[in-house]
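Laboratory data are not the source of any read-out in this text; all were calculated from the coordinates shown. Values in this document were obtained by computation on a predicted structure and should not be read as measured data. Quick reminder, even Gly has a Cβ in these numbers, built from the backbone with ideal geometry, and neighbours come from all protein chains shown.
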Amino acid sequence: MTSEIENESKITEENNVTKIKDLVPKMSNIAATFKVISIGEPREVASRHTFELHRVADATVGDETGTVKVPLWNDSINEMKIGKTYKLENGFTGLFRGNLQLKIGKQSTVTEAESEIETVNNEVDMSAENHQPSRDRGYYQPRRKSRGYGGYRPYSGRDRDRYSRHDKSGRRRW
C-alpha cells in the first residue's frame with residue numbers, strides 16, 4: 001500500500017515540472033529542470049541599498065521546449081557547469097529590460113537532476129521576446145479640476161439660484 005502511494009507522489013512531482021516555453025512574467029514557486037547551455041562573462045554591479053559589489057553572469061539554460069536566461073549571482077557562477085542538467089525548486093520569473101528571466105531566489109534550491117536532458121530547443125528563446133506591456137492602455141479621461149476644499153462636484157442646474165451671479169463655466173462669482 002505504501003509503495004503505491006510513493007509511486008503516485010513521484011508521478012505528481014514529475015508532472016509539476018514547468019517547461020521553459022510555458023514561462024510567463026510574474027510566475028512564482030516554479031519547479032523546472034534545465035540544461036546549462038552557456039554562461040556569460042561575469043560583471044560587477046553595486047547593490048542599490050548597501051553599495052556592496054556583486055558579481056553577476058547571465059547563463060542561458062534550456063530544455064526540449066526552449067531556452068531562457070538565468071542571472072547567476074556571486075558563488076552560483078562557479079557552481080553551475082556548462083552541459084550539466086539541474087533541477088530548480090521554488091524559482092520565479094521576472095523581467096529585466098523587458099526580457100523574461102528565470103530567477104533563483106534565496107528560498108530556491110538548485111540540485112543536479114537524476115535524468116539528463118539530451119536535446120535543447122534553441123529555436124524558441126523566451127528571453128528574446130519582449131514581454132513589456134505596451135504603454136497604450138486605452139483612453140482615460142483627464143483628471144477633473146477640484147474646486148478648492150470642496151472637491152469636484154459635477155454641475156447641476158439646481159446649484160444656481162436667480163440671486164447669485166455665475167460666469168460662463170458655471171462657477172459662482174461674488
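Scanning residues 5 or more positions from Phe92 or on other chains, those with amide H under 5 Å from its amide H are Ile30, Lys103, Gly105, with H placed 1.01 Å from N in the peptide plane. With θ taken as phi - 60° and the Karplus curve 6.51 cos²θ - 1.76 cosθ + 1.60 applied, the whole-hertz 3J(HN,Hα) list for the range 81-95 is 10, 5, x, 8, 9, 10, 10, 9, 10, 6, x, 8, 10, x, 10 Hz, x standing for glycine and proline. If a spin label sat at a point 7 angstrom from the Cα of Arg55 along the line to its beta carbon, the backbone N atoms of the range 78-105 nearer than 14 Å would be those of 78-81.
Each Lys or Arg adds one and each Asp or Glu takes one away; over the other residues whose Cβ falls under 13 Å from the Cβ of Asp58, this sums to +3. Given their separation in residues at 0.36 nm each and the Cα-Cα distance between them, Lys87 and Glu129 gain 12.7 nm when the chain is fully extended. Once both labels are positioned 7 Å from their Cα atoms along Cα-to-Cβ, the gap between Thr65 and Ser108 label points is 1.7 nm. In order along the range 53-62, phi translates into HN-Hα couplings of 8, 10, 9, 10, 9, 8, 9, 9, 10, x Hz, rounded to whole numbers, per the Karplus curve 6.51 cos²θ - 1.76 cosθ + 1.60 with θ = phi - 60° and x for Gly and Pro. Rounded to a whole number, what is D in µm²/s for the range 27-112 from Stokes-Einstein with the Kirkwood radius over alpha-carbon pairs (25 °C, 0.890 mPa s)? In µm²/s, the coefficient is 184.
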